[in-house]
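S.K.: Sending over a structure as structure tokens; questions will come in a sec.
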Amino acid sequence: MTMRAIIVDDEELARRGIRALLARATDVEIIAECGNAREAIAAIRADPPDLVFLDVQMPGKSGFDVITEINVTRCPYIVFVTAHDDFAIRAFDVHALDYLLKPLNERRFELTLERARKAMANAHEVSVGRARLTEMAANLGHMVEPPGADRIPVKTGGKVVVIRIADVDWVKAEHDYVSLFVGTKSWLVRETIASIERRFASAGFVRIHRSTLVNVDRVRELRPLPKGEFQVILQDGVGLKLSRNFRTALTRLAGAAV
């Protein structure tokens, strides 16, 4: 599947850098380059792309203005590219696919492209499967969770403690185990972080670090850190690190915080 991309930046050097990185990808076609927001709005309206690499700060209108004014039926995936991390929370509040800091890192850029590929593949699967899901929902009447889906049993001290998933504040990986933090207590469970992530996803948990999941309802504030990372402060004052590789979690965290 070829991704059709537009590059938007008022600096020719910045556009050249993105162009060079995209040239290494065999599945990306650059359909336009724009030097300001006005050109970008016109280009996106005329021929909507799949992906837009969008500078935040430009003369006249900003990258956020582009998003609010394009007025297209199918909004492209947006990757903000900027020298400043001040706009990260706002970027993910408008559902940006990613947020890259200049100067661009080749490995980090490739991760962004991989994220775009997965997003497009998932969107295609959703489109193909929507009719089937509608039919299934009509036949079933409604979806019912299996019994116990909202609880997790924990063996401790010769007994089994049943914990409501909604009561868990955050989760930390401990090799082949995870620690479930509930208030002032923690419980050790023999499951991997990946397994718990899938199990807890429907309960409002998101991955903010390779070893950390957090309950979005427990988030009180987000504090920017250097290098595009954030400190996630929970209601009880606990601080957790959100790493750059999981910045897409900001969409849900910021939405829960405002």
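The values are calculated or read from the model by the stated rules, or taken from the named source; none is laboratory data. Remember, predicted model here, so these are calculated numbers, not experimental data. Counting neighbours? That spans all protein chains shown, and the Cβs are built from the backbone with ideal geometry, glycine included. Remember, those area values only see protein heavy atoms, side chains included, never the ligands or the DNA or RNA. Shrake-Rupley method; radii C 1.70, N 1.55, O 1.52, S 1.80 Å.
S.K.: Look through Val162, Val171 and report the one residue that is open to solvent by 40 Å² or more (accessible area, probe 1.4 Å) and of a type in the set (A, V, I, L, M, F, W, C).
M.R.: Of the residues listed, the single one that is open to solvent by 40 Å² or more (accessible area, probe 1.4 Å) and of a type in the set (A, V, I, L, M, F, W, C) is Val162.
S.K.: Okay, moving on. Could you say which residue among Ala149, Ala119, Ala123 is under 29 Å from Phe53 (Cβ atoms), surrounded by 12 or more Cβ atoms within 10 Å (Cβ to Cβ) and at pLDDT below 85?
M.R.: Just a single option satisfies the conditions, and that option is Ala123.
S.K.: Consider Val161 against the criteria (1) aliphatic (A, V, I, L, M); (2) part of a helix (DSSP H, G or I); (3) modelled with pLDDT under 90: it satisfies all of them except one. Which criterion is unmet?
M.R.: (2)
S.K.: Is there any pair linking a residue in the range 25-37 that is touching a residue at least 40 places away in the same chain (Cβ under 8 Å) to one that is of a type in the set (A, V, I, L, M, F, W, C) and not in a helix (DSSP H, G or I), with Cβ under 9 Å and at least six apart or on different chains, and which?
M.R.: Ala25/Met3; Asp27/Met1; Asp27/Met3; Val28/Met3; Val28/Ala5; Val28/Leu51
S.K.: Select, from Pro59, Pro48, the only residue that is touching a Pro at 6+ places or on another chain (Cβ under 7 Å), of a type outside the set (Asp, Glu) and over 17 Å from Leu113 (Cα atoms).
M.R.: From the options Pro59, Pro48, the qualifying one is Pro48.
S.K.: Kindly indicate the residue of the range 70-101 that is out of contact with any strand residue (DSSP E or B) (no Cβ under 8 Å at 6 or more places or on another chain) and surrounded by 15 or more Cβ atoms within 10 Å (Cβ to Cβ) and also nearest to Thr2 (Cα to Cα) among those meeting that condition.
M.R.: Among those that are out of contact with any strand residue (DSSP E or B) (no Cβ under 8 Å at 6 or more places or on another chain) and surrounded by 15 or more Cβ atoms within 10 Å (Cβ to Cβ), it is Ile70.
S.K.: I'd like the full set of residues that are open to solvent by 30 Å² or more (accessible area, probe 1.4 Å) and of a type outside the set (S, T, N, Q), limited to the range 1-16.
M.R.: Answer for the range 1-16, where residues must be open to solvent by 30 Å² or more (accessible area, probe 1.4 Å) and of a type outside the set (S, T, N, Q): Met1, Arg4, Asp10, Glu11, Glu12, Leu13, Arg15, Arg16.
S.K.: Looking at the range 191-198, can you tell me whether even one residue there is under 25 Å from Ala88 (Cα atoms) and free of Cβ contacts under 8 Å to residues at least 60 places away in the same chain?
M.R.: yes
S.K.: Answer yes or no as to whether His84 is at positive phi and assigned to a loop (DSSP other than H, G, I, E, B).
M.R.: Answer is no for this residue.
S.K.: Failed condition for Ile193, given (1) closer than 14 Å to Ile165 by Cα; (2) of a type in the set (A, V, I, L, M); (3) crowded, with 18+ Cβ neighbours inside 10 Å, with all others met?
M.R.: Result: Ile193 passes all but (1).
S.K.: Follow-up. Asn71 fails exactly one of the following numbered conditions: (1) in a helix (DSSP H, G or I); (2) at positive phi. What is the number of that condition?
M.R.: For Asn71, the failing item is (1).
S.K.: Condition (residue is part of a strand (DSSP E or B), farther than 30 Å from Lys159 by Cβ and of a type in the set (Val, Ile, Thr)) applied to the range 183-197: is it met by at least one residue? So that I can check it myself, show each step before the final result.
M.R.: Start the filter on the range 183-197 by keeping residues that are part of a strand (DSSP E or B), which leaves 185-189.
Those still in the list that are farther than 30 Å from Lys159 by Cβ too: none.
Within the range 183-197, none of the residues are part of a strand (DSSP E or B), farther than 30 Å from Lys159 by Cβ and of a type in the set (Val, Ile, Thr).
S.K.: Say we look at the range 48-69 and pick out the residues that are in contact (Cβ under 8 Å) with a residue 40 or more places away in the chain and more than 22 Å from the chain's Cα centre (by Cα); which of these is least open to solvent (accessible area, probe 1.4 Å)?
M.R.: Met58
S.K.: Looking at (1) assigned to a helix (DSSP H, G or I); (2) of a type outside the set (A, V, I, L, M, F, W, C); (3) over 18 Å from Leu113 (Cβ atoms), which is the one condition that is false for Gly17?
M.R.: (3)
S.K.: Which one of these does Arg130 not meet: (1) modelled with pLDDT of 85 or more; (2) not in a loop (DSSP other than H, G, I, E, B)?
M.R.: With respect to (1) modelled with pLDDT of 85 or more; (2) not in a loop (DSSP other than H, G, I, E, B), Arg130 is out only on (1).
S.K.: Determine the pairs where a residue that is within 16 Å of Met58 (Cβ to Cβ), located within the range 80-100, has a partner that is modelled with pLDDT of 85 or more and open to solvent by 60 Å² or more (accessible area, probe 1.4 Å) with Cβ atoms under 7 Å apart, the partner being 6 or more residues away or on another chain.
M.R.: Thr82/Gln57
S.K.: Within the range 197-228, track down each residue that is of a type in the set (S, T, N, Q) and over 21 Å from Glu174 (Cα atoms).
M.R.: Ser202
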